[in-house]
1. For the stretch 732-753: of the residues being of a type outside the set (A, V, I, L, M, F, W, C) and at pLDDT below 75, which is most open to solvent (accessible area, probe 1.4 Å)?
2. If P228 satisfies all but one of (1) touching a residue at least 12 places away in the same chain (Cβ under 8 Å); (2) not in a strand (DSSP E or B), what's the number of the condition it fails?
3. Do we have L26 as assigned to a helix (DSSP H, G or I), surrounded by 22 or more Cβ atoms within 10 Å (Cβ to Cβ) and modelled with pLDDT under 85 here?
4. Any idea which residue in the stretch 202-218 is nearest to the chain's Cα centre (by Cα), counting only those that are surrounded by fewer than 20 Cβ atoms within 10 Å (Cβ to Cβ) and either in a helix (DSSP H, G or I) or aromatic (F, W, Y) (or both)?
5. Would you check which residues across the stretch 246-267 are part of a loop (DSSP other than H, G, I, E, B) and surrounded by fewer than 13 Cβ atoms within 10 Å (Cβ to Cβ) and list them?
6. Residue check, G642 against (1) in a helix (DSSP H, G or I); (2) crowded, with 18+ Cβ neighbours inside 10 Å; (3) at pLDDT 70 or above, all met but one. Which one?
7. Only one of (1) touching a helix residue (DSSP H, G or I) at 6+ places or on another chain (Cβ under 6 Å); (2) of a type outside the set (A, V, I, L, M, F, W, C); (3) open to solvent by less than 60 Å² (accessible area, probe 1.4 Å) fails for G601. Which number is that?
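The values are calculated or read from the model by the stated rules, or taken from the named source; none is laboratory data. Please read all numbers here as calculations on a predicted model, not as lab measurements. When we count neighbours, we look across all protein chains shown, and the Cβ atoms used for this are built from the backbone with ideal geometry, even at glycine. Please note that ligands, DNA and RNA were not included when accessible areas were found on the heavy atoms of the full protein model with its side chains. Shrake-Rupley method; radii C 1.70, N 1.55, O 1.52, S 1.80 Å.
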Amino acid sequence: MAAGSQSFDDQSANEELRALRHIATLAAEGVVPADLFAVVAEEAARVVGVPFVAVVRYELDNTLTVCATFPKELKLLPAGTRLSLDGTTPSSLARDSHAAVRIDDYSQLDGEIAAAARGVGVRSTVGVPIVVAGRQWGAMSGWTTAREPLPGDTAARLARFNELLATAIANAESREALGRLADEQAALRRIATLVARSTPPSEVFAAVAEEMARCLGTTDAEVFRYDPDGGAVVVVAAYSAPGLRRMTVDERLTLEGDSVSARVLRTGRPARMDSYENVDGTIAARTREMGPRSRVGAPIVVDEKVWGVALVGTSGPDPLPSDIEARIAEFADLLATAIADTATRSQLHASQDELRMLAEQQAALRRVATLVARGTSPVDLFAVVAEEVARVVDVPLAIVVRYDADDTATDCASFPPASEVSTVGMRWSLGGTNVRSLVRDSSAPARIDDYSQLDGELADHARRVGYNSSVGVPIVVAGRLWGAMIVSTFSGPLPEDTAERLARFTELLATAIANAESREALGRLAEQQAGLRRVATLVARGVEPAEVFEAVADEMRRCMDAMTAGLWRFETSGELTLLAGAAADPALLAKWPVGTRTPVGGNTLASTVQRTGRPARMDDYENVTGAVAERVRNVGVRAAVGVPIIVDGSLWGLAAVGSITPGPLPPDTEVRTADFADLVATSIANAATRDELLASRARIVAAADDARRRIERDLHDGAQQRLVALGLELRAAEADVPAELEPLKERIAGMVTTVAGVSAEVQEISRGLHPAVLSRGGLAPALKTLARRCAVPVDLEIHVDQRLPDPVEVGAYYVVAEALTNAAKHARASGVEVCAQATDTLLRLVIRDDGIGGAARGKGSGLTGLVDRVEALGGKITIQSQPGSGTSLLVNIPIESD
């Protein structure tokens, strides 16, 4: 039963790995999320063994939307359904706790979802959150209507599918955001072109309203002009989606009460209102007539005064996106430029120059956005961006910088790429005062217009090269500071708007880096799934644990791009034994050889895992104590992550990966290492089960042999001796019979013959149970006896010069005996070849006949018993018996010294 259960577990693990790899492939191919959600739901239900699965997305209004289910036609949660998150449900619990949850009893729970669950008889549910770029995106839930609750590992197995879902969603959102940005840049360029051509303001206003609504995905857009006294606004342009009401150009609306327009005029800053439901005033009433629920506006500032407001609105239930203020401001800037352009004829040429510059900038941004959309590698993109920035901002030097973990920064690209001021590939210390360190410390734009009194390596370089002014803008990727874009000039300070203009390029850079990192993460995940599958295949084949250990160490190091990886076993003596190791530099393996035992003490990674039974990490070994820490430092490892190997519920050992570079390992290292540790535990458990099975079979065979010996001894010392005595007595009685009683004498003689035959048969049975010649002379004489007694000719070749362990001799004897019997009785053979050869460690038997072939286990030939006996001795038997080609047995039995 144990072996069968383990085989099922291996098959289940392989199925899970195949499903995860299938999903990873679809995600890498850019399959749309809606289709991917359906595949994930189906694969999760099939592999994890959950009858019902749903993928849901959290909405801003405390509801969820069902994105996909399995089965697809699911009455409880059909795809597209929107449900309230009030009450107690797996989805609401997962959202609030940011962790996996389960519910095994719905009888006392409240809420819309709980009521629906009770209605269809749901008994047990598990929910696992889907986290995309650090935010709660949604959840995957699985449930059953069966009486038995879902297994305890359901959440962990569903979580593996969620990791792939999160990566696919992040990729899709990046692509969607990139598409919006490219469309927006194209629209801004079209408007900039209109402005540059001195198009009448009314036409520019109308174009802006339409482009805003289209690019920002809103149902309406307007441009208002404030009256000089600030008491009202005049509609100068309005646009709404087909079929919806719109405001009228030249319509005048007073500013009493609350509204976005009133807030913008009062503060001079963007403003939003997500509902006009209970708001007083003319504009509020007019807005309710049109239908928009959420409105956002940005000021149009001309000559440092608020001239008007650019607005967009939506009639949908959700608020407008959080970044929409900044996006409206881009259009408002162009409107301000158009208005200022028409203010006086004397300013016309200056405005046209500014617009041409803006148009050039928008063209450059569009070129960069196109490269990002094509998936251009960051290295190539950095060089293009540096060149575009230098040309558009009109500076002699532009640099893309990446911040590193050890308080340094690396220059990734510069323009010009090859010159005396180029520093591509340079790694700088961030000590002292410089633009790189100022941006890093503040996560905000920074500038320096005088390097004469500054200290530090970079300040020295700036004075040596001749920088006069520098401006840097942060590159923020997925909420973290990745690097900076820096421009410098050799004469005069840079313009005040330099940072603002650079920021538009850093947004595109951040998107490209995020996309590249998502693709890289997806590739790593697919590679890890392949590595896990290779190891799982070894485990399923039942290879020795030592081979599995070596494969796991190598796969862990390679898949996690670590410098070192290893597997250790905790000893009862308080020591740690290295079982397998892998390193990018083979010389490191000599510093900690396999088999080394080291005391587990101090505050090391190993002692922490041993004490807690949970994953642990060390981000710096400089002040860590203990013998293990000394070995780690000797290898050169500076940071490491370790996870426990749990076998049959007990802590067995440790799987760990290490890095020789400063800084912590990635945050997902524990989870990824744990997948390999689980396979190691399975291999160890399998090996223990196989050892127990072989030991049990060996005990059974040994017990059967002992029983044979007892029966043989009892027959020889008991029944056989009595039969001999009876025969002698009958012979004596026959001699005493008078001649005249010849019939009686003949009867006694017949009885003597019968008793002699019975004695011979008992002797033959005794020899078959355990031949005396095997005990007295060993295997060679016993095989010769078998050959002489065989009904078909036997060609015997024996190379066994020593006595072998008793179990080996008995096993070999019965293998040959059974083979000769099969050849004579079943195979209709005319001859048999038997070869026996023994070395110090192995007995090899080869038995061939020229019979009809077709022998197989389970056909009554006795081969099943022979296979069991040989395997119980740790050996292997190979049977070749094609019909018409005779039968060959190849037997290898290991010889172990007593």
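1. Our first condition is that a residue be of a type outside the set (A, V, I, L, M, F, W, C); within the stretch 732-753, this holds for 734, 736, 738, 740, 742-743, 745-747, 750, 753.
Now restrict to residues that are at pLDDT below 75: 734, 745.
Working: E734: 32, K745: 67 Å².
The extreme case among them is K745.
2. The failed condition is (1).
3. Judged against the criteria, L26 is not a match.
4. Just the residues of the stretch 202-218 that are surrounded by fewer than 20 Cβ atoms within 10 Å (Cβ to Cβ), to begin with: 202-203, 206, 210, 214, 217.
Within this subset, residues satisfying the condition of being either in a helix (DSSP H, G or I) or aromatic (F, W, Y) (or both) are 202-203, 206, 210, 214.
Values: S202: 56, E203: 54, A206: 51, E210: 45, R214: 39 Å.
Among those residues, the one meeting the criterion is R214.
5. Once the filter is applied, which keeps residues that are part of a loop (DSSP other than H, G, I, E, B) and surrounded by fewer than 13 Cβ atoms within 10 Å (Cβ to Cβ), the stretch 246-267 yields T248, D250.
6. Looking at each condition in turn, G642 falls short on (1).
7. For G601, the exception is condition (1).
Residue-by-condition table, conditions (1) closer than 30 Å to V477 by Cα; (2) without any contact (Cβ under 8 Å) to a residue 40 or more places away in the chain:
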| site | (1), (2) |
| --- | --- |
| C67 | yes, no |
| P71 | no, yes |
| L83 | no, yes |
| D104 | no, no |
| G121 | no, yes |
| W137 | yes, no |
| M140 | yes, no |
